[in-house]
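Novice: Have a look at this one before I ask anything.
The values are calculated or read from the model by the stated rules, or taken from the named source; none is laboratory data. Quantities reported herein were computed from a predicted structural model and do not represent experimental measurements. Every residue, glycine as well, gets a Cβ built from its backbone with ideal geometry; the counts of neighbours run over all protein chains shown. SASA here: full protein model, heavy atoms, side chains in, ligands and nucleic acids out. Shrake-Rupley method; radii C 1.70, N 1.55, O 1.52, S 1.80 Å.
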Amino acid sequence: MTTTALSQPVIGPVLRQERIAAVDILRGVAILGILIVNMGLFSSPAGLPAHQVWANAVISFFAQEKFKALFSFLFGLGLAVQMMRADARGVRFLPLYARRLGVLFLIGVAHFLLLWDGDILHDYAENGFVLVLFRRLSPKALLVSAGVFLAVPLLFFGLTTYYSITHRVSPPLLSWIAYETEPDDQQTIEQDRRMYSSGTYGEMITLRARELPGDLTPDTDDAHVLALFLLGLYAGRRRILHDVPAHLPLLRRVQRWGLAIGIAGNAAFAVGGAFDPAPTSVAQNVGRLCLVVAAPAMMLFYAATIVLLAQREAWRWRFAPLAAVGRMALSNYLLQSLICTTIFYSYGLALFGKVSPSLGLLLTVAVFLIQMPLSVWWLRRFQFGPIEWLWRSLTYWQPQPMRIAGGQ
C-alpha cells in the first residue's frame with residue numbers, strides 16, 4: 001500500500017495484475033460495436049431517409065444500442081471495482097471518483113467541441129454523479145432501481161406508440177414527445193451537409209458550441225443509461241466477473257434468456273425501422289418500445305457468451321487483441337473520432353454524405369484492424385493508453401509512470 005507523508009493510505013491506478021481480463025475483452029468488443037453504429041453518424045447528416053435498407057436492418061438488429069448498453073454496463077461495473085479497491089485499502093473513495101468524473105466530463109466536452117458532436121463521455125460523467133448516490137444499495141435494491149429507471153423510456157415509447165395510433169395525448173405529454181423525438185427539419189439537415197462537407201474547422205466548432213447546452217440537458221436516454229449503469233454496479237457488487245467459475249449457471253441463464261428476448265425484440269425494431277422509419281409511424285414506435293428491453297437483453301447475451309468463451313485457453317488467446325483495445329478504450333474511442341472525421345469532414349477527404357452503409361461497414365472493419373495491432377504495440381511499451389494516462393494524471397494531480405520497464 002502506498003502512503004502519504006501523513007501515513008494516510010491512497011488509492012492509485014489499477015495495476016496490470018489487478019485487471020479483470022473479461023472486462024478488458026468486453027470493452028474491446030464494445031469499442032468495435034460502437035464504431036459500427038457511429039460510422040453512419042460520422043458519414044452523413046442525421047435525419048436523412050434510409051437507403052440500403054438491408055444494411056441498416058443488419059446494423060439495427062445486431063448493433064444499434066447494444067454496444068452503447070455494454071459500454072454503460074461496464075461503466076457501472078467499473079464503479080463497483082474501484083469502490084471495492086478503495087474499501088479494501090481503507091481510503092476515501094468519493095473525492096477521488098468525483099475528480100475522475102470531472103476530468104472525464106472535460107475530456108468529453110473537448111471531444112464534442114473539437115471533433116464530433118456524438119460524444120458520450122460527458123453524458124457518462126454527468127450520469128456518473130447520479131450513479132454514486134446508489135453505490136451502497138444492496139444488490140436487490142440495485143436491481144429494483146434499475147427497473148425504475150428502465151420504466152421511464154418504456155413509459156415514453158409507450159406514449160409515443162399510443163400517440164402514433166390515436167394521435168391524441170394531453171398537451172404536456174405531447175410537448176414531452178415533441179421535445180424528445182422532433183426530427184431535424186430539412187433546413188438543419190442541409191446546414192449539416194454543407195457545414196461538414198465544405199465548411200471550415202472553425203465554423204464546425206462554432207456550430208457544435210451552439211449545440212452543446214442542449215446536449216447537456218437530461219433526457220429519456222439518460223434514464224436508460226442509468227438503468228444499465230446500475231446493472232453493471234449490481235454485477236460488480238456480486239463479483240460475477242471476478243469469479244466466473246462460481247457463476248457459470250447464472251451466466252448460462254443470462255445467455256439463454258438474453259438471446260430469446262433479444263431476437264424477438266430486436267427483430268421488431270429492425271423490421272419496424274425498415275418498414276416505416278418515420279418517427280411518427282406505428283411500426284417505428286413499436287420497434288423502439290421493444291428495443292428498450294431488447295437492446296440490454298441482446299447485450300447481456302453477447303457479454304455472457306464472450307465471458308464463457310474466455311474461460312477457454314484457446315479463446316483467451318484469440319481475444320487478446322480485443323483485450324488490448326479494451327485496456328485503452330478511451331484512447332481508441334477518441335481515435336475513432338479522429339480517423340472518421342478526417343475521412344468524412346471537409347478538412348480531410350470530404351466524403352461526408354457520399355458513403356453507403358455497406359461501405360461504412362467495410363470502413364469500420366478497416367479502422368478496427370488498425371486499432372487492434374496498434375493497441376497491442378502500444379501496451380508492450382506503455383502502461384496506459386495516452387488519454388488514459390492523461391485522465392489518471394489529472395485525477396491524481398500528478399504525472400503517472402507511463403513506460404514499462406524494459407518495454408520494446
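Novice: In the list 322, 369, which residue meets the criterion of being farther than 24 Å from residue 241 by Cα and hydrophobic (A, V, I, L, M, F, W, C)?
Specialist: Just one listed residue meets the conditions, 369.
Novice: Would you mind stating whether residue 150 is under 30 Å from residue 287 (Cα atoms) and touching a Phe, Trp or Tyr at 6+ places or on another chain (Cβ under 6 Å)?
Specialist: No: the conditions fail for residue 150.
Novice: For region 159-172, which positions are under 22 Å from residue 222 (Cβ atoms), surrounded by 15 or more Cβ atoms within 10 Å (Cβ to Cβ) and not β-branched (Val, Ile, Thr)?
Specialist: Listed by number, the residues that qualify are 159, 163.
Novice: Of (1) aromatic (Phe, Trp, Tyr); (2) out of contact with any Ser or Thr (no Cβ under 9 Å at 6 or more places or on another chain); (3) surrounded by fewer than 14 Cβ atoms within 10 Å (Cβ to Cβ), residue 201 satisfies all except one. Which?
Specialist: Condition not satisfied by residue 201: (2).
Novice: Let me ask something else. Being within 24 Å of the chain's Cα centre (by Cα) and open to solvent by 40 Å² or more (accessible area, probe 1.4 Å) is the filter here; which residues of region 253-270 pass it?
Specialist: Within region 253-270, 254, 255, 256, 257, 259, 260, 261, 263, 264 qualify.
Residues are listed down the side, and each one gets a yes or a no for (1) of a type in the set (S, T, N, Q); (2) closer than 28 Å to residue 105 by Cα:
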| residue | (1), (2) |
| --- | --- |
| 213 | no, yes |
| 221 | no, yes |
| 227 | no, yes |
| 244 | no, no |
| 248 | no, no |
| 255 | yes, no |
| 267 | no, no |
| 272 | no, no |
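Novice: Assuming residue 192 fulfils every condition listed in (1) open to solvent by less than 40 Å² (accessible area, probe 1.4 Å); (2) out of contact with any Pro (no Cβ under 6 Å at 6 or more places or on another chain) apart from one, which condition is it?
Specialist: Checking residue 192 against (1) open to solvent by less than 40 Å² (accessible area, probe 1.4 Å); (2) out of contact with any Pro (no Cβ under 6 Å at 6 or more places or on another chain), the one that fails is (2).
Novice: Pairs, please: C-beta under 8 Å, at least 6 apart or cross-chain, first residue under 12 Å from residue 204 (Cβ atoms) and in region 335-348, second among the polar types (S, T, N, Q)?
Specialist: 344/43; 345/197; 346/197; 346/198; 346/200; 347/200; 348/341; 348/342
Novice: Kindly establish whether residue 241 is part of a loop (DSSP other than H, G, I, E, B), open to solvent by less than 70 Å² (accessible area, probe 1.4 Å) and in contact with a helix residue (DSSP H, G or I) (Cβ under 8 Å, 6 or more places away or on another chain).
Specialist: Yes; evaluated as a whole, the condition is true for this residue.
Novice: Among residues belonging to region 383-401 that are part of a loop (DSSP other than H, G, I, E, B) and open to solvent by 40 Å² or more (accessible area, probe 1.4 Å), point out the one that is modelled with the highest pLDDT.
Specialist: 383
Novice: Mind listing whichever residues of region 112-130 are part of a helix (DSSP H, G or I), under 30 Å from residue 195 (Cα atoms) and open to solvent by 50 Å² or more (accessible area, probe 1.4 Å)?
Specialist: The answer is 114, 126.
Novice: In region 297-319, which residues are open to solvent by 50 Å² or more (accessible area, probe 1.4 Å) and either more than 26 Å from residue 257 (Cα to Cα) or not polar (S, T, N, Q) (or both)?
Specialist: Within region 297-319, the first condition is being open to solvent by 50 Å² or more (accessible area, probe 1.4 Å), and the residues that meet it are 300, 311-318.
Listed by number, the residues that qualify are 300, 312, 313, 314, 315, 316, 317, 318.
Novice: Output the number of residues of region 52-111 satisfying the condition of being in a loop (DSSP other than H, G, I, E, B), at pLDDT below 90 and open to solvent by 30 Å² or more (accessible area, probe 1.4 Å).
Specialist: Residues in region 52-111 being in a loop (DSSP other than H, G, I, E, B), at pLDDT below 90 and open to solvent by 30 Å² or more (accessible area, probe 1.4 Å): 3 in total.
Novice: Restricting attention to region 320-376, and to residues there that are open to solvent by 40 Å² or more (accessible area, probe 1.4 Å), of a type outside the set (A, V, I, L, M, F, W, C) and assigned to a helix (DSSP H, G or I), which single residue is nearest to residue 195 (Cα to Cα)?
Specialist: It comes out as 342.
Novice: Which residue, of 150, 133, 142, is assigned to a helix (DSSP H, G or I), open to solvent by 80 Å² or more (accessible area, probe 1.4 Å) and within 28 Å of residue 80 (Cβ to Cβ)?
Specialist: Values: 150 fails: open to solvent by 80 Å² or more (accessible area, probe 1.4 Å); 142 fails: open to solvent by 80 Å² or more (accessible area, probe 1.4 Å).
Within the list 150, 133, 142, the selection yields 133.
Novice: Let me ask another. Which ones in region 20-36 are modelled with pLDDT under 95 and open to solvent by 20 Å² or more (accessible area, probe 1.4 Å)?
Specialist: Within region 20-36, 20, 21 qualify.
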